[in-house]
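Below you'll find the structure, written out as structure tokens, and then a few comments.
Every read-out reported here was derived from the displayed coordinates using simple, explicitly stated rules and does not represent laboratory data. Source: prediction; values computed, not measured. We place every Cβ from the backbone using ideal geometry, glycine too, and count neighbours over all the protein chains shown.
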Amino acid sequence: MRKKYLIEFILFTSYMLFAMSWVGSAGFMKEIMQMVSMHSLTQASLLSTALTFAKIIGTFIAAWTIVRFGIRKAFMVASLLVCLSIVTPYASNFNLLLISRFLMGLGGALIIVYFNPIVYTYFTASERVIINGLNAIAFNVGSAIMMFFTPNFVSLFGSWQHTLLAISIASMLMLVSWMVFGKIDLPNNLTSEHKVIKNYTIVDGLKDKFNWLYAFTYSGLLAFYIVLFTFYPKAGITQAKQVILFGIVGAIVGMIYSSKSAKRIVILRISGVLQIIAAFGLSFSANNPTQAYVAAAMLGFFMFLPMPALVTYAQERKDVTAQKISVTFSLFWSISYSVATIMTTVFAKIVDVNNGDYHNAFIFICVIESTFLLGSLLLKENVK
């Protein structure tokens, strides 16, 4: 079925463009603030808060939307929401900007869950590792494009507004492509062995201990990742590009490894150990550029090296169905984002309590990052 590769292209590109729009808007925040007469940092922080709530709400309801509307209509709505990025460069006031950013974030949150049941349904077991790995770096690819080529885009399109407009138009093309080619459905209660399983609802998912452990494993890593890009530059640690680039390299290596080995947990545990070492190394490298560069490269690599295995691991559970995967990843992302949001707030509070000194906050977030290692020690290899 060659159509599945086209479907994957639309999925990957849609989320990559979402990242480009979001990261691009962050880069143009000064211009956006002037455009809507936004002079308060509190208002600016509301945009970030809106995204956070959009991610938590969107990922939590994603499984329900698939069951209620079917994957074709659900993804169509999600893509349409992402296309609301077109409002950002031309918003006439702050409230319109805030609402459009929330809805756009909601669309991105839905898409990140929709990846998984589609991959499970339409790709073979041997293909899933590669496709999962590609999807895991879609946001990084979009971020990297904007980090390195934004000046080129502004020169090409003539202004920051036209740059964001071009990205939005590309998102619209993906929406049209989905409407034409995305005529697919999910056999929600059918396993890969064609065994019919009873409905697995969000309530069932909340009762399933695996889903809590699975989300716990990732939540600390996600919290560190958010803090890294939000607060570390303020502390003089500005190696974000290295983390992004080596994250892409790590995911590619992870795809190759996981396509050749059925062992999923071992790579999680090894990566978990090296993540902690790299996190501490980067956090306390402000006066050592060489250490900062090496630690950032190491951190990015080992954060994303295990991602293909981590995602595929949930798709290989016994009696798994598309519906079960939808629920699992709805909870995976909503719980992870909820925990990460709390930990990010605690990090900021520790900095404030210590009068702007980051030392204790860095120790705190590095310890929180260790959930990846702790969770991997509690997870067990799937029995074939």
Can you find, among Thr150, Leu97, Leu17, the residue farthest towards the positive end of the dipole of region 1-182? Put +1 on the C-beta of Lys and Arg, -1 on that of Asp and Glu. Leu17
Which of the three applies to region 284-333, rounded, prolate or oblate, going by the alpha-carbon gyration tensor with a ≥ b ≥ c and a/c under 1.5 meaning rounded? prolate
What list do you get for Trp64, Trp333 if you sort them by fewest beta carbons within 10 Å? Trp64, Trp333
What's the local net charge at Ala215, with K and R +1, D and E -1, over the other residues with C-beta under 12 Å away? 0
Ranked by Cβ crowding within 10 angstrom, fewest neighbours first, how are Thr59, Thr49, Thr150, Thr290 ordered? Thr290, Thr49, Thr150, Thr59
Based on Cα positions only, what radius of gyration and what Dmax would you give for region 1-107, in angstroms? 15.3, 53
Suppose we keep just the alpha-carbon trace of region 196-384; what are its Rg and Dmax in angstrom? 17.3, 59
Cut-off is 10 Å between beta-carbons; in what order do Thr312, Thr121 appear when sorted fewest neighbours first? Thr121, Thr312
Roughly speaking, what % of Cα-Cα pairs in region 1-182 are separated by over 29 Å, rounded to a whole number? 21 percent
Using only the Cα atoms, what convex hull volume per residue in Å³ does region 302-384 have? 99 Å³
Calculate the spin-label point distance for Lys263 paired with Phe210, positioning each point 7 Å from the Cα along the beta-carbon direction, and give it in nanometres. 2.2 nm
What whole-number volume per residue, in cubic angstrom, does the convex hull of the C-alpha atoms of the chain give? 136 Å³
For the pair Asn287/Lys30, report the inter-label distance in nm, with labels modelled 7 Å from Cα in the Cβ direction. 3.0 nm
Kirkwood Rh in Å, taken over region 55-104 so that all alpha-carbon pairs contribute: 11.8 Å
Using a 7 Å offset from the Cα along the Cα-to-Cβ direction at both Thr230 and Lys318, what is the distance between the two label points in nm, to one decimal? 4.0 nm
What is the ratio of the Cα radius of gyration of region 243-322 to 2.2 N^0.38 Å, where N is its residue count, to two decimals? 1.24
Can you give the calculated 222 nm mean residue ellipticity of the chain, where each DSSP H run of n ≥ 4 adds -39,500 (n - 2.57) and the sum is split over every residue, rounded to the nearest 500 deg cm²/dmol? -26500 deg cm²/dmol
Across Lys55/Lys349; Lys55/Lys207; Lys209/Lys263; Lys73/Lys207; Lys263/Lys324; Lys55/Lys263, pairs whose alpha-carbon gap is larger than 25 Å: Lys73/Lys207; Lys55/Lys263
Difference of contour (0.36 nm per residue) and Cα-Cα distance, His39 to Asn355: 111.3 nm
